[in-house]
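*Asks:* Below is the structure I would like to discuss, written out as structure tokens.
Quick note: the coordinates plus some simple rules give every number you see, no bench work behind them. These numbers come from a predicted model, not from an experiment. No Cβ is skipped: glycine too gets one built from the backbone with ideal geometry, and neighbour counts run over all protein chains shown.
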Amino acid sequence: MKGYVPLSLLIFLATSAALLTGQVDASPGVLWSGLVTGEGPGALILDTIRGPRVATALGAGAVLGMSGALFQMLFRNPLASPDILGFNAGAGLAIIAGIAFGIAMPTAVMAALGGVAMALVIGGLAFRGGGGTPVLTIILIGIGAGFTATAVSTFLMTILPGTTASEAQRWLTGSLAARDWSHAAQVLGIGAMLASLALGQARILSALELGDGLAAGLGQRPEAARWWLSATGVLLAATGVAVAGPVPFVALMAGPLGMRLTGALTSAGRMVSGAGAGALVLVLSDLLARVAVPGLQLPAGVATGLLGAPYLLWRLSREMERGDL
Amino acid sequence: MLRTEALSLSYDDVPVISDLDLELPCGRVTAIIGPNGCGKSTLLRALARLMPPASGRVTLNGEDINRIPPKRLARQLAILPQTLRAPDGIRVSDLVMRGRIPWRTFLSPWNEADKTACEAALEAVGMTGFADRELSELSGGQRQRAWLSLVLAQQTPCLLLDEPTTYLDLTHQMDVLALLRRQNRQSGQTIVSVLHDLNLAARYSDNLVLLANGQVVASGAPEQVLTPDNLLSAFDLEARVIPDPVTGTPMVVPLEPAEPVLSAGV
């Protein structure tokens, strides 16, 4: 448990900074009195202006981060995360399609359907009789499928009316603007359920990490277990996408960053660390996007992109050095 | 008691083992030996249910292993595959703990029995002092012992190992085999391994199964199995078998081939 102190502290500091900083900076005293009395500018910031947004960022970052850690362990590859594998783009496409064709379904449901459909498409394309598709092949298929989904989303936006299109464009980049408490409640509620589902499978995951032979020897059914874990991971990521858009690279970075910060080695510990690191990254990215250019609120996805792209390049070069690519 | 009944195994319709009836005695150390490609690893995989039979069946105490629920089977039968890959940064203590997975139920806390099993397993492989070390820091021999501690912590009456001595030098090969025999003598655990080295197999096993072309050429005590005739028919090898000067177990000394094999095709 001691290992989680620095990460928790960082999340607390980032959350505080995100609540204090903005177009109108608030002092800690103002926020505190707002929290205690429920009145004044502090309460307004906590209740309406920044509170829901930060809470949504924490929740979305956590589910994306946990999903990333889960897939990275499942595929035993640091590049295997729902954003790289195209699941986020699939979830995003489903939501845009929902707007474009006027499908009256909650975004969370559309995102889940899109993510699962994408996973099935990638699974189908990667399927080889008898299993044993190399992980890198799956990742490349995922990247290709992700690009396709993003292209279709962009195309769908051309048939949307102007204002809806620009809002959709913003959302597709990954944005936390104008989130209210219903978004926060949605991502935190569904996220908590899915997180317990994922943690319930932690032991299975730690057997699978040792390879299929040993996992079967330890009483698991590797094929079936992989499907269940994948489904849980896809739904986790889709829950985040439903409220924050397909923010890039949060899931990719969260697993290794969380592990670095907590030193966790067990499957459950790594999933929790990934969730914490995801929350940290998204809250900080959103803060960065809000304050980087005075007078202009960038979508959080721009900041995660700026942080994540160099990380991805570094990771790729490292994998190539190790001969894994 | 682990046995095969009219067991046939095949990869993509290419038969590897056909119609095999074999009985692996309880509480003994058995080595499965044979030339490359004779199907010994395939047989071991089928014994551990890692591979479904094309026909026939494998039974454990009379029960078809394909009908035993996976978790229950994992409490009776452990397997250590040949190629092992550990997650990055894993420590020995975490590795051995994973051997307890079949014994744990949903949300059950880590209990005294789990703790004792892990301590006993580390003790048995002489790795107690290495529990906090990262697996990647260890030497090849230590790493193999760490993996052995995982399957020992599983506390199964029967343990299967696929070439547990590959990649090890002679000293560490003997180290692993002696450890397995000691484990058998102390706990009565049935041990079945696939081995390459005939002389080491004879030295450390109670029972040998010699396979060739998917058939059992001979099985029984090492002296009965390692005979010049059996070696000729299984390995196409002319050899003398003399008592090992150290242990008295049979030792295979190949004769010079009359014609060097390499020049045969020239």
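*Asks:* Expressed as an acute angle from 0 to 90° and rounded to the nearest 10, what is the orientation of the C-alpha long axis of helix A:181-200 relative to the principal long axis of chain A?
*Replies:* 30 degrees
*Asks:* Report the residue, chosen from A:285, A:273, A:182, that carries the largest GNM mean-square fluctuation when chain A is represented by alpha-carbon nodes joined by springs under 10 Å.
*Replies:* In the Gaussian network model the winner is A:182.
*Asks:* So, one more: For the protein assembly as shown, what does the alpha-carbon gyration tensor say about shape, rounded, prolate or oblate, given a ≥ b ≥ c as the root eigenvalues, a/c under 1.5 as rounded, and a/b over b/c as prolate?
*Replies:* prolate
*Asks:* Follow-up. Of the residues A:207, A:224, A:168, which exhibits the maximal mean-square fluctuation in a Gaussian network model of chain A defined by a 10 Å Cα contact cut-off?
*Replies:* A:224
*Asks:* Sticking with this one: Rounded, prolate or oblate: pick one for region B:62-173, where a ≥ b ≥ c are the square roots of the eigenvalues of its C-alpha gyration tensor, a/c under 1.5 means rounded, and failing that, prolate if a/b is larger than b/c, else oblate.
*Replies:* Note, shape of region B:62-173 comes out oblate.
*Asks:* OK, next. Helix-only estimate, please: 222 nm mean residue ellipticity of chain B, summing -39500 (n - 2.57) across DSSP H runs of length 4 or more and dividing by its residues, to the nearest 500.
*Replies:* It comes out at -9000 deg cm²/dmol, rounded to the nearest 500.
*Asks:* Between region A:59-112 and region B:145-159, how far is it from one alpha carbon centroid to the other, in angstrom?
*Replies:* Using only Cα atoms, the two centres lie 39 Å from each other.
*Asks:* Using modelled amide H (1.01 Å from N, peptide plane; none on Pro or chain starts), what sits under 5 Å from the amide H of residue B:56, excluding residues fewer than 5 places away?
*Replies:* B:8
*Asks:* Still on this structure, please answer the following. What residue among A:148, A:232, A:173 shows peak mean-square fluctuation when chain A is described by a Gaussian network model with Cα springs under 10 Å?
*Replies:* Highest fluctuation among the options: A:148.
*Asks:* With contacts defined as alpha carbon pairs under 8 Å and 6 or more residues apart, what's the relative contact order of chain A in percent?
*Replies:* Rounded, it is 31 percent for chain A.
*Asks:* What are the residues whose amide H is under 5 Å from the amide H of residue B:251, where those residues sit 5 or more places off or on another chain and H is modelled from the backbone?
*Replies:* For residue B:251, whose amide H was placed from the backbone, the distant partners under 5 Å are B:242, B:244.
*Asks:* Same structure again: Let me make sure I get this right: for region A:82-140, a, b and c are the square roots of the gyration tensor eigenvalues over alpha carbons, sorted descending. Under 1.5 in a/c it's rounded, otherwise prolate if a/b > b/c, else oblate. Which is it?
*Replies:* In terms of gyration-tensor shape, prolate.
*Asks:* Rank by packing, highest mean first: peptides B:41-50, B:68-77, A:154-163, A:308-317, with packing defined as the count of other Cβ atoms within 10 Å averaged across residues.
*Replies:* Sorting B:41-50, B:68-77, A:154-163, A:308-317 by mean packing, highest first, produces B:41-50, B:68-77, A:308-317, A:154-163.
*Asks:* Still on this model: Among the chymotrypsin sites (Phe, Trp or Tyr not before Pro) in region B:103-144, which ones are in a DSSP loop with at most 11 other Cβ atoms within 10 Å of the Cβ? Mind listing them?
*Replies:* Sparse-neighbourhood loop chymotrypsin sites (Phe, Trp or Tyr not before Pro): B:106, B:110.
*Asks:* Across peptide A:206-213, what mean number of C-beta atoms from other chains lies inside 10 Å of a residue's C-beta?
*Replies:* Neighbouring Cβ atoms belonging to other protein chains average 6 per residue here.
*Asks:* Hey, how many Å between the Cα centroid of region A:176-196 and the Cα centroid of region B:188-220?
*Replies:* Comparing the Cα centres of region A:176-196 and region B:188-220, I get a distance of 59 Å.
*Asks:* Right, another one. Give me the inter-chain shielding for B:99-105: mean count of other chain Cβ atoms within 10 Å, whole number please.
*Replies:* Partner Cβ neighbours, averaged per residue: 4.
*Asks:* Using only DSSP helix segments of four residues or longer, with each worth -39500 (n - 2.57), what per-residue ellipticity at 222 nm results for chain A after dividing by its residue count and rounding to 500?
*Replies:* When only DSSP H runs of four or more count, the value is -24500 deg cm²/dmol.
*Asks:* Using only Cα atoms, locate the centre of region B:69-120 and the centre of region B:1-66, then give the distance between them in Å, rounded to an integer.
*Replies:* Using only Cα atoms, the two centres lie 24 Å from each other.
*Asks:* Kindly rank A:61-67, A:51-57, B:224-230 from highest to lowest mean number of other beta carbons found within 10 Å of each residue.
*Replies:* A:61-67, A:51-57, B:224-230
*Asks:* Could the peptides A:35-41, B:25-31, A:77-83 be put in order, highest first, of the mean number of other beta-carbon atoms found within 10 Å of their residues?
*Replies:* Listed from highest to lowest mean packing, they are A:77-83, B:25-31, A:35-41.
*Asks:* Moving on. Please give the average number of partner chain Cβ atoms lying within 10 Å of the Cβ of each residue in A:260-268, rounded to a whole number.
*Replies:* Whole-number average of other-chain Cβ neighbours for A:260-268 is 2.
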